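For reference, the structure discussed in these notes is given below.
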Amino acid sequence: MKTLIVIGGGPAGMTAALEVAALGAAVTLINAEPIGGRATWHSLVPSKVYLTAADALEAAQHFPALGLAGASPMPDLPVLRARIAAQAQTWSQYQQEQLHTRGVNLVFGKAQFLDSHHLHVEQADREPRTLAFNQAMIATGSEPIFLPQLKPDGRLIIAPRHVGQLAAWPRQLLVIGGGVTGAEFAYFFNRMGSQVTWITDQPVLLPQFDPDLAAVLEQTLCDRGVTIIKGMAVQAAQAQGDEVRLELADGRQLQGSQALIAIGRRPDLAGLDLEAADIAYTAQGVTVDAFGRTSAPHIFAAGDVTGAPYIANWGQAQARVAVRCALDQPTPSFRPETIIEAIYTSPQLAQVGLIEAQAHAQGRAIKIYRADFSAALKSRLAASPAGFIKILVTPETGRIVGSAAVGERAAEILSTLAVAIAREMTVEQVASLFPAYPTLAELVGIAARGY
């Protein structure tokens, strides 16, 4: 029987271990922390607990339009902190029970390659051990980037992992970093009543996203009172008494009650000693092919450890392909164009496949089918008709190659189009689909039919 060792217990590692078990092979999962990885304990779960609360407050603003009267809810920080702790604990426990039920052998410790077929595992509560393997999967995730002049102290200068332990709402929050994490926290704290200034050294916000979507979010946040500073690096951050002072590249100084650093992430390769196993890597991550194989063909890698973009479903998809390849199961190669990227603000942003700016940069001819959210009755019933969806199609074949949407539940709406891209469907085939009426899912067909 083939055996496989998975290093890392986050979304990619979990998917890999469960896929191995489902295919009937023996699998050991090594993780240095409780199951769930940073996604469960430090980033994804805590932030999404907060964002769910922000979305509920957003929905409450529409209550009068829906015929509902009464006092609006107010944010309760102690309750939210307790909910973060409870959700992280129960989600981790659920994932661990999944592994146990499926016969996955769990080892808690820090793994290091001794050579291409042996791992040294340091365990906190017992003697170190050496594990032999004939195949392995690296899924150790990523860690936040901090610069010498921008380091958190956990009190006034914080990182996303500190947000779940806030003692009080920031009165004036300075968010540093113009990517997805910066966007979500700028939105959340603004919704909770903090005065937010959002700063990026890039000329645009969300540079990896469709510019039309990013522009909608930028305008929405500005209308809600968020101050946005673009194209300006932060030279230094200092805690002075009970406030934070930032020095910008142009000499300006900003002050706030707290600063949040969200300038990016990098693969976590610390302590793995990849050289011992002859595994090629760069500062951008472990080098893999379309099936997740590293330069050592019997060792695979998936998820954030292979580099950007650092999104959970991307790593999960990579992990499943890699495991099936490792166990000689039929599988197509990893197809990044089928992975939906989302930003969980309000409005929500999502994209899949080719985006319009990429098509123009590549000189590709495309036809765009577009519909406003107001074209769907469900949007009007929910009193949230703002937003739009666009579908990118090759003129010669009519095949769908990408889509982007901004508005309520945009990420879920694009699920149909991710399938369409994966199956190489045409816009006419999608136009013939009529989901339940009224639903937001109708927007895909409405856009495809063009009326």
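Any read-out appearing in this document is the output of simple, stated calculations on the displayed coordinates, not a laboratory observation. For clarity, every value in this text was computed on a predicted model and none was experimentally measured. In this analysis, Cβ positions are derived from the backbone assuming ideal geometry, glycine residues included, and neighbour counts consider all displayed protein chains.
Once the Cα-Cα distance is subtracted from the 0.36 nm per residue extended length, the ASN105 to ARG370 segment shows a gain of 90.5 nm. Segment 367-432 and segment 282-339 have their alpha-carbon centroids 28 Å apart. As a proxy for reagent exposure, HIS120, HIS360 were ordered by neighbouring Cβ count within 10 angstrom, fewest first; the result is HIS360, HIS120. R0 = 22 Å: FRET efficiency of PHE146 with ALA239, Cβ-based, nearest 0.05? Given R0 = 22 Å and the Cβ-Cβ separation, E is 0.90.
Of all beta bridges that DSSP places with both ends in segment 157-263, some 40 percent have antiparallel geometry. In sequence order, segment 282-291 has phi-based couplings of 10, 5, 7, x, 5, 7, 9, 8, 5, 10 Hz under the Karplus curve 6.51 cos²θ - 1.76 cosθ + 1.60, θ = phi - 60°, and Gly or Pro positions carry x.
Taking every DSSP beta bridge that has both ends in the chain, the antiparallel portion is near 60%.
In whole percents, the pair-distance distribution calculated for segment 322-451 from its alpha-carbon pairs, binned every 10 Å from zero, is 13, 42, 30, 12, 3, 0. Remark: spin-label model distance THR227-THR3 equals 6.0 nm, labels positioned 7 Å along the Cα→Cβ axis. Oblate is the label for the chain, because the ratio a/c of its alpha-carbon gyration tensor axes (a ≥ b ≥ c) is 1.5 or higher and a/b is not greater than b/c. Around the amide H of THR331, modelled in the peptide plane, lies no amide H under 5 Å away from a residue 5 or more places distant or on another chain. Helical content of the chain, expressed as a calculated mean residue ellipticity at 222 nm, amounts to -9000 deg cm²/dmol (DSSP H runs of 4 or more residues, -39,500 (n - 2.57) each, divided by residue number, nearest 500).
For segment 1-155, DSSP calls about 45 percent of its internal beta bridges antiparallel.
For segment 157-263, a Kirkwood hydrodynamic radius built from all Cα pairs, placed in the Stokes-Einstein relation at 37 °C and 0.692 mPa s, yields a translational diffusion coefficient of 238 µm²/s. Remark: spin-label model distance THR90-GLU33 equals 2.1 nm, labels positioned 7 Å along the Cα→Cβ axis. Here LEU377 and GLU428 are evaluated by their C-beta separation; at R0 = 30 Å the FRET efficiency comes out at 0.80. When trypsin sites (Lys or Arg not before Pro) are flagged only if DSSP places them in a loop and at most 15 other Cβ atoms lie within 10 Å, the longest unflagged stretch of the chain comes out as 253-363.
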